[in-house]
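Everything on this sheet refers to the single structure shown next.
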Amino acid sequence: MKLYFMKQSALDFIKANIKTLYINYYREKTNQWIYDLFDYDPFDVFKEVPDFELARISEKKGETELENSRILYSHLINVSESQAADERLWAGLCNSTFYEYVRNRWDYDKLSLTNDKKDSEPITSRFFFKGGIVSGKFRNTLAKCWWVGHAVYQAREQEKFELLYKLGPDDFSSKVNDLFYSYTFASNIKIVTGIINAWKEITDKYGKLPTRSYLRRAIQYLNALGGGVLLDVYNENEIKKIMTDYMTMLYENKESIVSSDPNAPFEDELEE
């Protein structure tokens, strides 16, 4: 399997003209139209890897993204962080090798067009980077999965993706946003491990819980705590205890919290 970079000139041209070119992503089942735009090959070969397939696209999108986090990182484990932060790599993969897959992931054959602004903006974040490198890493369809896999991978453990499965597929995008995108401490594997183990323990104890009402609030609390105490001094078990104690408090006091704040999101709909 050949993996491609998208040449910078081609990438810049498509993004600059996305409000007219976006319609091709809805209508064209193959990426031949991209080649037809240029009088040169818009892609460069990045590397060749053993063939692999991405996850079966499920109605439960979180399941698909969780499995792709494992698959992409496992097969592209030798890609460096600097390479994985390069928009040209993910624009290349999304617009060449996995063009049809990404289209199907977002159901472009089934979507109705509304207006150029509303319909073109998601293309920019799903097939390219939008809003800079940090945002792009966790918004691009494939980059997000690689970076999540990278963040939870435990090379010394027998089950190297144990943390990924503890995190779980429900409301996956919200978890990724809260844990890996919103806060810088997510680059510390001890903190990530403590947070995920806490979430697993709490959901095993209380059942399926709204991510925004519990995990997000606990992470916000941990981040606020980090304003006064260097979180790096804690080990993963101490992080876990901080998180479980706080989420337990939220659970035990949810009625009083909701009654005092009618906008408190304890009744958030969970992803099916």
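The values are calculated or read from the model by the stated rules, or taken from the named source; none is laboratory data. A quick note: this is a predicted structure, and the numbers were derived from the prediction, not measured. Note: ideal-geometry Cβ built from the backbone for every residue, glycine included; neighbour counts use all protein chains shown.
One line per residue, one yes/no per condition, for (1) modelled with pLDDT of 95 or more; (2) within 20 Å of THR184 (Cβ to Cβ); (3) touching a Leu at 6+ places or on another chain (Cβ under 8 Å):
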{"residue": "LEU230", "(1), (2), (3)": "no, yes, no"}
{"residue": "TYR234", "(1), (2), (3)": "no, yes, no"}
{"residue": "ASN237", "(1), (2), (3)": "yes, no, no"}
{"residue": "MET243", "(1), (2), (3)": "yes, yes, yes"}
Kindly provide the set of residues from the stretch 75-98 that are polar (S, T, N, Q) and closer than 13 Å to TYR4 by Cα, ordered by number. GLN83, ASN95, SER96, THR97
For TYR183, only one of the following conditions fails: (1) of a type in the set (Phe, Trp, Tyr); (2) within 20 Å of the chain's Cα centre (by Cα); (3) at pLDDT 95 or above. What is its number? (3)
Can you tell me which of (1) in contact with a helix residue (DSSP H, G or I) (Cβ under 6 Å, 6 or more places away or on another chain); (2) closer than 27 Å to ILE133 by Cβ; (3) of a type in the set (A, V, I, L, M) is the one ILE189 doesn't meet? (1)
So, first residue under 17 Å from THR193 (Cα atoms) in the stretch 216-231, second residue at pLDDT 95 or above and of a type outside the set (A, V, I, L, M), Cβ within less than 7 Å, six or more apart or across chains; the pairs are ALA218/TYR246; TYR221/TYR246
Scanning the stretch 149-208 residue by residue, the ones that are without any contact (Cβ under 8 Å) to a residue 12 or more places away in the chain and assigned to a helix (DSSP H, G or I) total 4
Look at the stretch 186-212 and say how many of its residues are closer than 19 Å to ASN253 by Cβ, buried (at least 21 other Cβ atoms within 10 Å of the Cβ) and more than 19 Å from the chain's Cα centre (by Cα). 3
The stretch 1-57: helices (runs of 4 or more DSSP H) wholly inside it with 2 or more residues that are more than 23 Å from the chain's Cα centre (by Cα) and without any contact (Cβ under 8 Å) to a residue 40 or more places away in the chain are 8-16, 23-27, 32-37
Give the residue, chosen from SER135, SER96, that is crowded, with 16+ Cβ neighbours inside 10 Å, outside the structural domain of THR193 (by TED's automatic domain parsing) and of a type in the set (Gly, Ala, Ser). SER96
